[in-house]
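Working notes for the structure below.
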Amino acid sequence: MLVINHLTKTFGDKLAVGDLSLHIAPGEICAFIGHNGAGKTTTIKACCGILQPDSGEIFIAGKSIAEDPIDLAYIPDNPDLYEFLSGIQYLNFVADIFGVSQEDRQSRIHRYADLFDLTSDLAQPVSSYSHGMKQKLAIISALLHEPKLIIMDEPFVGLDPTASHLLKELMREHCRNGGAIFFSTHVLEVAEKLCDKVAILRKGKLIASGTMEDIKGNQSLEEVFLELEAES
């Protein structure tokens with residue numbers, strides 16, 4: 001689903017990501033972890049086409065992001081939404097961009113807004129929403145066109161426990177339906193319980209990747225991460 005081959009990105013003389021290769025198959029949830037400034041967000045933005053790599057290739061569902069349209073949704077750590085729109089106007093705007101039919105958008109908006117307890121707030125301007133409500137709106141907008149790949153940067157920040165639990169269930173459902181998820185997080189307990197695969201980045205370099213069981217063995221993911229950080 002997501003194939004990153006030898007991705008390198010620098011900013012001036014600073015190496016942000018160096019020769020990173022990572023493959024995520026359909027049905028997999030992959031956690032992307034590392035210290036602050038490790039290069040996680042740079043990698044994610046390159047996968048979404050927001051940043052141009054210095055070298056390397058990225059493919060999503062077999063299509064190069066440099067040449068072909070990409071079937072993905074991106075949820076940043078701090079959603080930057082059009083605050084002059086109401087919630088329902090914003091969702092319809094996103095649905096229009098992706099060509100979602102009226103019938104499909106209505107059923108999906110109804111389902112997800114009810115699940116996230118946002119239905120009664122959809123008529124209100126996004127500017128009146130709390131951070132958590134904006135995060136929920138961003139999640140709903142990402143699910144509207146049923147993308148094959150969902151990329152998320154710290155998706156649980158700002159969500160209450162009920163919404164966090166719901167998001168985990170929706171992530172599993174997405175992958176059961178043949179999709180894939182690539183997300184960064186500092187909450188290692190969540191990553192350990194939720195993910196099939198994990199990739200660990202240190203100073204722009206991939207220092208470990210594989211299935212969750214292979215990487216952590218008989219230890220916790222936190223213990224493995226701290227050991228790798230100490231060795232690097």
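The values are calculated or read from the model by the stated rules, or taken from the named source; none is laboratory data. Note that this is a predicted model, so its numbers are computed, not measured. We place every Cβ from the backbone using ideal geometry, glycine too, and count neighbours over all the protein chains shown. Accessible surface is based on the protein model in full, side chains and every heavy atom, while ligands, DNA and RNA are left aside. Shrake-Rupley method; radii C 1.70, N 1.55, O 1.52, S 1.80 Å.
Can you give the alpha-carbon Rg of segment 146-232 over 2.2 N^0.38 Å, where N counts its residues?
1.14
For residue 205, give me every one of the aspartates and glutamates with a C-alpha distance below 14 angstrom, ignoring sequence neighbours fewer than eight places off in its own chain.
Once the sequence-local aspartates and glutamates are set aside, what remains near residue 205 is 19, 229, 231.
Give, rounded to the nearest 20 debye, the magnitude of the charge dipole that segment 15-136 has about its Cα centre when Lys and Arg contribute +1 at Cβ and Asp and Glu contribute -1 at Cβ.
Numbers: 8 positive and 16 negative charges, 51 e Å.
Result for segment 15-136 is approximately 240 debye, rounded to the nearest 20.
So which GluC sites (Glu not before Pro) in segment 1-85 end up in coil per DSSP with only 15 or fewer other C-beta atoms within 10 Å?
67, 83
If you place +1 on the Cβ of every Lys and Arg, -1 on the Cβ of every Asp and Glu, and leave all else neutral, what size is the dipole of the chain about its Cα centre, to the nearest 20 Debye? Don't skip to the answer; put the middle values down first.
Details: 20 positive and 33 negative charges, 38 e Å.
Its charge dipole is roughly 180 debye.
When the accessible area of the chain is split by element with a 1.4 Å probe, what percent falls to carbon and sulfur?
Values: 5390 of 11020 Å².
So the carbon and sulfur contribution to the accessible surface is 49 percent.
Roughly how many Å² is the accessible area per residue of the chain, as a whole number, for a 1.4 Å probe?
48
At q = 0.17 Å⁻¹, what log₁₀ I(q)/I(0) does a Debye calculation on the Cα points of segment 51-102 give, no solvent, two decimals?
-0.77
Place the peptides 202-212, 43-53 in order of packing, highest mean first, counting for every residue the other Cβ atoms within 10 Å and averaging per peptide.
Details: 202-212: 17.1, 43-53: 19.2.
Taking the mean over residues of other Cβ atoms within 10 Å, the ranking is 43-53, 202-212.
Could you give P(r) for the chain, binned at 10 Å from zero, as whole percent values over all Cα-Cα pairs?
8, 32, 35, 20, 5, 0
Taking only C-alpha pairs under 8 Å that are 6+ residues apart, what is the relative contact order of the chain in percent?
Values: 405 pairs, mean separation 67.1, N = 232.
The value is 29 percent.
When the chain is treated as a GNM, springs tying every alpha-carbon pair under 10 Å, which of 217, 12, 27 comes out with the largest mean-square fluctuation?
The residue that fluctuates most here is 12.
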